[in-house]
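Okay, so here's the structure we're looking at.
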Amino acid sequence: MRNTGNTFASQPDAPLRELMNQMGHSTTRAALIYLHTESDRDRKIADGMGRLAEEALAKEGSAT
């Protein structure tokens, strides 16, 4: 229950400090033990980084 609850709480991209406060952990190591990522989370992060890179390149190209 604790792992699942903390994983769900982290879904909206809550900062680790807020999750630590919610869970009552004083160290990041303790908090990270109870957090697990979704199987598709890595893909979402990579896609988001790709979009940011494309936007930066588009801005750079339009500035010249």
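The values are calculated or read from the model by the stated rules, or taken from the named source; none is laboratory data. Keep in mind the model is a prediction, meaning the values are calculated, not measured. Using ideal geometry, Cβ is built from the backbone for each residue, glycine included, and neighbour counts are taken over all protein chains shown.
A few notes on this one:
- The residue of the stretch 15-45 that is modelled with the lowest pLDDT, among those that are surrounded by 13 or more Cβ atoms within 10 Å (Cβ to Cβ) and not in a helix (DSSP H, G or I), is HIS36.
- Meets criteria (more than 13 Å from the chain's Cα centre (by Cα), of a type outside the set (D, E, K, R) and modelled with pLDDT under 80) for ALA56: no
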